[in-house]
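Just below is one structure, and these are the notes that go with it.
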Amino acid sequence: MAPKKDPKAPAKKAEPAPAPAPAPEPAPAPKAAPAVDLSSVKIEFSADQIDDYREAFGLFDRVGDNKVAYNQIADIMRALGQNPTNKEVNKMLGNPSPEDMANKRVEFEGFLPMLQTIINSPNKAGYEDYVEGLRVFDKEGNGTVMGAELRIVLSTLGEKMTEAEIDALMAGQEDENGCVNYEAFVKHIMSV
């Protein structure tokens, strides 16, 4: 039973609602990694190397203006024997939008410092590094990893690959049991 109200007690006035707490200040946007200062890169290529690089660069010039699109920079570097990550190339280009990657273009003189930066990069992994990384997945210690497991790793870790890229990479690598000899696999990848 509810308590009875005392008719002699003064009625309570409704208290004003407390002022809402001020909204927290929005967190500052995370700063993008600064682009590499390409103007300070010293070009250390010989004249013959520069001629070779210019020729390779020209093969990617689809318009005929002696420039290539941003999204071709990594491909050119790979054609020249380097292995930059997409993240490294994007950082050098100033983290451009996907639209800029397709539409902005760079001249050969602007490309050389980028190539020099990648060549000078200390983060180069070699054959043994890749083999050691795959050895972790060799549960039986017989030099092979399950192809299905390798596919999952390639599609979920690091720079994620698409199914089509994985299929192209894995073509002819799996044996009749669905296993991949990872030493031969790494040799295959490094020779492509």
Violations at 24 Å Cα threshold for listed pairs K67/K91; K104/K187; K67/K87; K91/K160; K42/K160 -> K104/K187; K42/K160
Check which residues have an amide H placed less than 5 Å from C179's amide H, if you skip close sequence neighbours.
G147
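Using only the Cα atoms of the range 57-192, what semi-axes does the equivalent ellipsoid have when each is the square root of 5 times a gyration tensor eigenvalue? Give whole Å, largest first.
Details: eigenvalues 221, 48, 36 Å².
Its equivalent ellipsoid spans semi-axes of 33, 16, 13 Å.
Do you know the relative contact order of the range 45-192, to the nearest whole percent, from alpha carbon pairs under 8 angstrom that are 6+ apart? Don't skip to the end; give the middle numbers.
Values: 108 pairs, mean separation 27.4, N = 148.
Once normalised by length, the contact order is 19 percent.
Note down the net charge around I166, summing +1 for each Lys or Arg and -1 for each Asp or Glu among other residues with Cβ under 14 Å from its Cβ.
On the way: positive: R151, K160; negative: E149, E159, E163, E165, D167, E174.
Net charge around I166: -4.
Laboratory data are not the source of any read-out in this text; all were calculated from the coordinates shown. Computed from a predicted model, the values in this text were never measured in an experiment. In this analysis, Cβ positions are derived from the backbone assuming ideal geometry, glycine residues included, and neighbour counts consider all displayed protein chains.
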